[in-house]
Amino acid sequence: MTRRLITIETACNVGSGAIISWLVCWLCLPWWGYEPRAGSAAEITLLFFVVSFARSWLWRWGFDRWQRRGTAAADYSWEPYRVSLEEAMRERIAKTMRERGEFQ
(Lines give C-alpha, C1' and ligand atoms only; values in the text may rest on other atoms or scores of the structure.)
Protein backbone atom coordinates (compact mmCIF):
# COMPACT_ATOMS: atom_id res chain seq x y z
CA MET A 1 0.00 0.00 0.00
CA THR A 2 1.37 3.42 -0.90
CA ARG A 3 1.78 6.19 1.64
CA ARG A 4 -0.95 8.11 -0.16
CA LEU A 5 -3.41 5.23 0.23
CA ILE A 6 -2.36 4.76 3.84
CA THR A 7 -3.09 8.44 4.43
CA ILE A 8 -6.48 8.27 2.68
CA GLU A 9 -7.52 5.15 4.60
CA THR A 10 -6.35 6.64 7.88
CA ALA A 11 -8.20 9.90 7.17
CA CYS A 12 -11.44 8.04 6.44
CA ASN A 13 -11.08 5.89 9.53
CA VAL A 14 -10.12 8.67 11.91
CA GLY A 15 -12.38 11.24 10.24
CA SER A 16 -15.48 9.15 10.77
CA GLY A 17 -14.30 8.54 14.33
CA ALA A 18 -13.92 12.29 14.83
CA ILE A 19 -17.53 12.93 13.83
CA ILE A 20 -18.74 10.25 16.22
CA SER A 21 -16.42 11.57 18.93
CA TRP A 22 -17.75 15.10 18.55
CA LEU A 23 -21.34 13.90 18.86
CA VAL A 24 -20.52 11.79 21.90
CA CYS A 25 -18.55 14.64 23.50
CA TRP A 26 -21.29 17.18 22.89
CA LEU A 27 -24.23 14.95 23.77
CA CYS A 28 -22.87 12.61 26.46
CA LEU A 29 -20.46 14.67 28.57
CA PRO A 30 -23.42 16.44 30.22
CA TRP A 31 -24.25 13.09 31.84
CA TRP A 32 -21.10 13.56 33.95
CA GLY A 33 -21.70 17.22 34.72
CA TYR A 34 -19.64 18.74 31.90
CA GLU A 35 -21.50 21.15 29.67
CA PRO A 36 -19.31 21.74 26.60
CA ARG A 37 -20.58 24.05 23.92
CA ALA A 38 -20.43 22.77 20.35
CA GLY A 39 -17.18 24.72 19.80
CA SER A 40 -15.52 23.32 22.93
CA ALA A 41 -16.58 19.82 21.94
CA ALA A 42 -15.02 20.42 18.51
CA GLU A 43 -11.73 21.54 20.11
CA ILE A 44 -11.60 18.45 22.32
CA THR A 45 -12.42 16.26 19.33
CA LEU A 46 -9.74 17.96 17.21
CA LEU A 47 -7.10 17.20 19.82
CA PHE A 48 -8.03 13.53 19.91
CA PHE A 49 -8.36 13.46 16.11
CA VAL A 50 -4.77 14.61 15.60
CA VAL A 51 -3.41 12.11 18.11
CA SER A 52 -5.55 9.29 16.72
CA PHE A 53 -4.64 10.09 13.11
CA ALA A 54 -0.92 10.04 13.86
CA ARG A 55 -1.21 6.81 15.85
CA SER A 56 -3.27 5.05 13.20
CA TRP A 57 -1.05 6.23 10.34
CA LEU A 58 2.13 5.11 12.11
CA TRP A 59 0.72 1.67 12.94
CA ARG A 60 -0.47 1.14 9.36
CA TRP A 61 2.81 2.40 7.91
CA GLY A 62 4.81 0.17 10.25
CA PHE A 63 2.85 -2.96 9.44
CA ASP A 64 3.02 -2.16 5.72
CA ARG A 65 6.82 -1.84 5.93
CA TRP A 66 7.02 -5.05 7.90
CA GLN A 67 4.95 -6.88 5.29
CA ARG A 68 7.00 -5.45 2.39
CA ARG A 69 10.17 -6.77 3.94
CA GLY A 70 8.70 -10.24 3.80
CA THR A 71 8.99 -10.76 7.51
CA ALA A 72 5.34 -10.38 8.36
CA ALA A 73 4.22 -13.34 10.38
CA ALA A 74 0.56 -12.90 9.56
CA ASP A 75 -1.08 -12.71 6.16
CA TYR A 76 -4.37 -10.82 6.28
CA SER A 77 -5.92 -13.26 3.82
CA TRP A 78 -6.41 -16.95 4.54
CA GLU A 79 -7.42 -17.65 0.93
CA PRO A 80 -3.94 -18.63 -0.33
CA TYR A 81 -3.59 -21.12 2.51
CA ARG A 82 -7.03 -22.61 1.89
CA VAL A 83 -6.31 -22.98 -1.83
CA SER A 84 -2.88 -24.52 -1.14
CA LEU A 85 -4.43 -27.00 1.27
CA GLU A 86 -7.13 -27.99 -1.23
CA GLU A 87 -4.52 -28.46 -3.98
CA ALA A 88 -2.32 -30.54 -1.67
CA MET A 89 -5.30 -32.72 -0.71
CA ARG A 90 -6.27 -33.21 -4.38
CA GLU A 91 -2.70 -34.16 -5.28
CA ARG A 92 -2.49 -36.60 -2.37
CA ILE A 93 -5.80 -38.25 -3.30
CA ALA A 94 -4.77 -38.49 -6.98
CA LYS A 95 -1.42 -40.01 -6.00
CA THR A 96 -3.10 -42.58 -3.76
CA MET A 97 -5.60 -43.47 -6.48
CA ARG A 98 -2.79 -43.85 -9.06
CA GLU A 99 -0.89 -46.12 -6.68
CA ARG A 100 -3.98 -48.29 -6.24
CA GLY A 101 -4.60 -48.33 -9.96
CA GLU A 102 -7.97 -46.59 -9.60
CA PHE A 103 -6.97 -43.50 -11.53
CA GLN A 104 -5.27 -43.27 -14.91
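One table, with the values for the structure above:
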| read-out | value |
| --- | --- |
| Residue-span extension gain [VAL50 to ARG68] - 0.36 nm each, minus C-alpha spacing | 3.8 nm |
| Contour excess over end-to-end distance, with Cα ends at ARG98 and GLU35 and 0.36 nm allotted per residue | 14.9 nm |
| Fully extended contour minus Cα-Cα distance, from VAL24 to LEU5, at 0.36 nm per residue | 4.0 nm |
| The range 28-71 - percent of accessible surface contributed by carbon and sulfur, probe 1.4 Å | 67 |
| Accessible solvent surface per residue of the range 1-71, calculated while the other protein chains remain in place, 1.4 angstrom probe, Å² | 77 |
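The values are calculated or read from the model by the stated rules, or taken from the named source; none is laboratory data. No experiment lies behind these values; they were computed from the predicted model shown. What goes into the accessible areas is simple: the full protein's heavy atoms, side chains included, and nothing from ligands, DNA or RNA. Shrake-Rupley method; radii C 1.70, N 1.55, O 1.52, S 1.80 Å.
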